[in-house]
Amino acid sequence: MGRKFFVGGNWKCNGTTEEVKKIVTTLNEAEVPSEDVVEVVVSPPFVFLPFVKSLLRSDFHVAAQNCWVRKGGAFTGEVSAEMLVNLGIPWVILGHSERRALLNESNEFVGDKVAYALSQGIKVIACVGETLEQRESGSTMAVVAAQTKAIADKVSNWAHVVLAYEPVWAIGTGKVASPAQAQEVHFQLRKWLHDNVGAEVAASTRIIYGGSVNRANCKELAAQPDVDGFLVGGASLKPEFIDIIKSATVKKND
């Protein structure tokens, strides 16, 4: 099948010029598996994108944390996909639960954003995931299927989409979905893609896990057959991000 392991670092709303320089230096000096084994993308805040891109090693790439749903114009405070293209930013994170919850981004709005970014040639890390209430009421799959369907309704070519499953109850809380819980949702998501989009898309689309991933739990999570990598939050600002990148080698032994 050959789904290349993918590790994304979401820096969220963190960093000063000095801190960013320090993080990039740590990344640049790290010994990690080759690009054949793992794809690494880091996502600094907008204001640091060109700075990070200019300093970062060539085998790692950068992602924006968001972009506007259509062409730029009178949308104060927004950043358009065209601007990211102009800066040579190859990736964007869309639909993160923090934006869904805090800024009321609906499934449909996220689907439109994903489609527009792809139409401009930007690759997308599209996030889905359920809250604790939704998990406890047994509606996890219904929720993530609806979120995925809103993307599938607008997207015909999945070649440049990475799907990130991030259970909201595990983001920044220190709670982690157990490897079995993560595998179960990833398996069901892949099955949903198989049944609703197509077998080829299901087999080739990378489904990555996010939610308090760290040095201690990454290898066991990486060993799950349907976990194709990680979207890392807090730990991506620390040296342990290197250990998480290295967990890609778990897949080589399959």
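The values are calculated or read from the model by the stated rules, or taken from the named source; none is laboratory data. Fair warning: this is a prediction, and the values are worked out from it, not measured in the lab. Cβ coordinates were reconstructed from backbone atoms using ideal geometry, including for glycine residues, and neighbour counts include every protein chain displayed. Accessible surface areas use protein heavy atoms only, side chains included; no ligands, DNA or RNA. Shrake-Rupley method; radii C 1.70, N 1.55, O 1.52, S 1.80 Å.
Count charges around Gln183 for me, please; just the other residues with Cβ under 11 Å from its Cβ, Lys/Arg as +1, Asp/Glu as -1.
Counting the neighbours of Gln183, the net charge comes to -2.
What nm value, rounded to one decimal, do you get for the distance between His160 and Asp195 when each label is placed 7 Å out toward the C-beta?
3.0 nm
So which of Lys113/Lys219; Lys22/Lys251; Lys53/Lys252; Lys12/Lys123; Lys191/Lys251 end up more than 25 Å apart by C-alpha?
Violating the 25 Å Cα-Cα cut-off are Lys113/Lys219; Lys22/Lys251; Lys53/Lys252.
As an exercise, use a Förster radius of 30 Å and the Cβ-Cβ distance of Asn104 and Thr173 to find the FRET efficiency, rounded to the nearest 0.05.
Once rounded, the FRET efficiency stands at 0.90.
So, in Å, what gap is there between the alpha-carbon centers of the stretch 190-208 and the stretch 81-123?
Between the Cα centre of the stretch 190-208 and that of the stretch 81-123, the gap is 21 Å.
Taking 8 Å as the Cα distance limit and 6 or more residues as the minimum spacing, I'd like the relative contact order of the stretch 63-119 as a percentage.
40 percent
Using label points projected 7 Å from each Cα along Cα→Cβ, tell me how many nm separate Asp153 and Ser119, to one decimal.
About 1.6 nm, to one decimal.
When the Kirkwood radius is taken over all Cα pairs of the stretch 164-207, what Stokes-Einstein diffusion coefficient follows at 10 °C and 1.306 mPa s, in µm²/s?
Taking Rh from Cα pairs, D becomes 141 µm²/s.
May I ask you to work out the translational diffusion coefficient for the stretch 185-244 at 4 °C, viscosity 1.567 mPa s, via Stokes-Einstein with Rh from the Kirkwood sum over Cα pairs, reported in whole µm²/s?
In µm²/s, the coefficient rounds to 105.
If I take every Cα pair under 8 Å that is 6 or more residues apart in the chain, average their sequence separation and divide by the length, what percent do I get for the relative contact order?
22 percent
Tell me, what is the FRET efficiency for Lys4 and Arg57 to the nearest 0.05, using R0 = 22 angstrom and their Cβ-Cβ distance as r?
Taking R0 as 22 Å, the efficiency between Lys4 and Arg57 is 0.80.
Which label belongs to the value computed from this structure, given these candidates for Cα extents along the principal axes in Å: (i) 54, 43, 37; (ii) 54, 47, 35; (iii) 47, 45, 33?
(iii)
Report the gain in length on full extension from Glu220 to Phe46: 0.36 nm times residue separation, minus Cα-Cα distance, nm rounded to one decimal.
Answer, rounded to one decimal: 59.4 nm.
Of the heavy-atom accessible surface of the stretch 136-191 (probe 1.4 angstrom), what whole percent is carbon and sulfur?
After summing per-atom areas, the C and S share lands at 56 percent.
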